[in-house]
Amino acid sequence: MARLAIALRQNSEAERSIAAAERSAALAGNHRNQAVLELLRAALNWNLGRVSAALEQAQAVLAAPEETAKSWKPHARVLLALGALRRADLGTAGAYVRQAAMDWALGNSHGPACAWMVVQTTAAEHGAEAAAPLVEQVISPGQDRERLLLADPAAAAWLARFMVRRDGRSAEAIAVTARTLSIRSGNLPALEAAARHAEGLVRRSAADLLFAADHHPDPWAAASAREDLGVLLAAQGASKQAITVLERAATGYLTAQSPRDVARLKHRLHRLGRSCDHADRPEESGSGILGLTKTETAVAELVALGLSNAQAAQKLFISRHTVAHHLRSIFKKLRISSRVELARTWMESSR
């Protein structure tokens with residue numbers, strides 16, 4: 001129940017199911033499924049934007065010795081690969097994906113999620129042409145395509161976008177599958193938003209893309225829909241509207257802690273004649289965790305993970321001086337004086 005609720009971004013229901021399972025295990029003194037519960041917590045934390053906690057928990061699952069953890073480790077690798085991909089750490093993502101490809105080939109229960117990660121990372125590392133045969137494989141008609149779009153509703157838009165210029169019929173078929181799943185589910189928010197997103201790409205419909213951007217329960221998927229809306233508006237000559245929409249999309253990606261996507265938006269905005277250095281813009285105080293702004297939150301996480309100012313600047317596509325400025329502000333707000341204290345504070349807040 002928790003796994004299905006997590007996939008459909010029904011986070012409150014997932015929380016209730018996990019908590020019930022944890023209470024049951026505690027009362028029975030049964031710790032055999034601890035790794036499974038840890039992974040479900042990791043997936044839920046990912047949905048909620050608690051990226052550091054999610055990746056730490058996924059890493060713990062990989063190290064778990066329990067026999068019951070073996071069948072769940074492929075999903076942990078998928079989560080870790082996705083985290084690396086969002087941070088543009090393609091080397092780490094590739095290492096996890098090589099194992100995910102084997103999991104996919106072996107046809108385990110996490111096969112669709114493994115296949116999806118292999119496709120995304122191949123496209124990021126080697127380009128669309130290299131990924132095309134894999135995309136053709138995962139979108140072939142049948143149950144696997146439905147399982148994939150249920151495992152991650154946001155996959156529908158990614159695949160539709162990939163195919164819309166290559167094979168309009170295939171793109172339309174993906175949108176139809178997403179719509180069918182939404183109808184069968186009674187139009188659950190995640191599946192309805194995913195269907196509207198895919199349909200918006202196929203039909204070039206601003207209304208559908210706006211609906212998806214406003215209703216996706218997944219922050220990253222919402223930012224993706226808003227980016228697609230901005231691209232469509234720019235193509236239609238509505239540059240001012242496009243800039244406003246793309247800036248909001250960049251903020252959404254920053255909130256989802258995906259500097260790789262922020263970088264792409266920066267280039268789009270530059271082509272439209274607008275700068276996109278979010279770190280230099282005023283932000284609402286306390287908009288991130290620990291009372292930090294969203295940019296401070298992104299800087300704090302990277303530094304807490306051990307990155308230098310230069311490395312953090314590269315990941316966030318800002319200057320080292322800007323990182324240093326935000327660190328001073330972070331130290332002042334958190335009443336700390338060192339990077340070690342920041343790492344400790346960050347880890348405690350992510351639990």
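What the table below lists for this structure:
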quantity: The one condition in (1) surrounded by fewer than 20 Cβ atoms within 10 Å (Cβ to Cβ); (2) at pLDDT 85 or above that Ile18 fails to fulfil; calculated: (1)
quantity: Qualifying positions in the range 21-33 - more than 11 Å from Trp72 (Cβ to Cβ) and either assigned to a loop (DSSP other than H, G, I, E, B) or open to solvent by less than 90 Å² (accessible area, probe 1.4 Å) (or both); calculated: Ala21, Glu22, Ser24, Ala25, Ala26, Ala28, Gly29, Asn30, His31, Arg32
quantity: First in the range 171-193 and touching a residue at least 60 places away in the same chain (Cβ under 8 Å), second anywhere and hydroxyl-bearing (Ser, Thr, Tyr) and part of a helix (DSSP H, G or I), Cβ under 6 Å, 6 or more apart; calculated: Leu191/Ser182
quantity: Some residue of the range 42-52 being polar (S, T, N, Q) and open to solvent by 40 Å² or more (accessible area, probe 1.4 Å); calculated: no
quantity: Members of the range 227-277 that are open to solvent by 40 Å² or more (accessible area, probe 1.4 Å) and of a type in the set (D, E, K, R); calculated: Lys240, Arg248, Arg260, Arg264, Lys266, Arg268, Arg271, Arg274
quantity: Residue list for the range 298-338, restricted to those being closer than 19 Å to Val51 by Cα and among the charged types (D, E, K, R); calculated: Glu301, Lys315
quantity: Within the range 63-89, tally of residues that are surrounded by fewer than 17 Cβ atoms within 10 Å (Cβ to Cβ) and at pLDDT 80 or above; calculated: 2
quantity: The range 114-170: number of residues that are in contact with a helix residue (DSSP H, G or I) (Cβ under 7 Å, 6 or more places away or on another chain) and of a type in the set (Asp, Glu); calculated: 4
quantity: Helices (runs of 4 or more DSSP H) wholly inside the range 296-351 containing at least 3 residues that are out of contact with any Phe, Trp or Tyr (no Cβ under 9 Å at 6 or more places or on another chain) and open to solvent by 60 Å² or more (accessible area, probe 1.4 Å); calculated: 320-334, 339-350
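The values are calculated or read from the model by the stated rules, or taken from the named source; none is laboratory data. Note that the structure is predicted; figures quoted are calculated from it, not measured. With ideal geometry, Cβ positions are generated from the backbone for all residues, glycine too; neighbour counts draw on all protein chains shown. Just so you know, the surface numbers come from the protein's heavy atoms only, side chains and all, with ligands and any DNA or RNA stripped out. Shrake-Rupley method; radii C 1.70, N 1.55, O 1.52, S 1.80 Å.
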